[in-house]
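The values are calculated or read from the model by the stated rules, or taken from the named source; none is laboratory data. All figures in this text were calculated on a predicted structure; none of them were measured in a lab. No Cβ is skipped: glycine too gets one built from the backbone with ideal geometry, and neighbour counts run over all protein chains shown.
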């Protein structure tokens, strides 16, 4: 087992082969979040707020699909996409958002 300790103080143990999945998630978020930022840039604050609630709920319900991959085809992709959209929305807040070693900050 390899121990990974994120800066937030939490830590997880992963098998070495599992690190590929985390690397793919990092790579996906690094390009998906900016695409979402571009897509939602024209939304007003109320639209972002309403959509952020939906994204937060979906990630809370399906976080295990992100971490362990769903047995149902397409469910992991949906969950990861909601995560990317939620991070994009958070990037509009003062100071932006940091997640998984990535920093996203959008100036309006």
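Per-structure values
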read-out	value
All positions within region 62-76 that are part of a helix (DSSP H, G or I) and in contact with a helix residue (DSSP H, G or I) (Cβ under 8 Å, 6 or more places away or on another chain)	62, 63, 65, 66, 75, 76
Matching option when the condition is within 24 Å of residue 103 (Cβ to Cβ) and modelled with pLDDT under 95, among 22, 36	22
Within region 82-108, considering residues that are assigned to a loop (DSSP other than H, G, I, E, B) and at pLDDT 90 or above, the one farthest from residue 28 (Cα to Cα)	94
Residue 17 being part of a helix (DSSP H, G or I) and either surrounded by 17 or more Cβ atoms within 10 Å (Cβ to Cβ) or at pLDDT 85 or above (or both)	no
Test result for residue 79, assigned to a helix (DSSP H, G or I), in contact (Cβ under 8 Å) with a residue 24 or more places away in the chain and surrounded by 12 or more Cβ atoms within 10 Å (Cβ to Cβ)	no
Single match in 57, 47, 67 (criterion: modelled with pLDDT under 95 and surrounded by 11 or more Cβ atoms within 10 Å (Cβ to Cβ))	67
Yes/no for residue 105 being on the phi < 0 side of the Ramachandran plot, without any contact (Cβ under 8 Å) to a residue 24 or more places away in the chain, surrounded by 14 or more Cβ atoms within 10 Å (Cβ to Cβ) and out of contact with any helix residue (DSSP H, G or I) (no Cβ under 9 Å at 6 or more places or on another chain)	yes
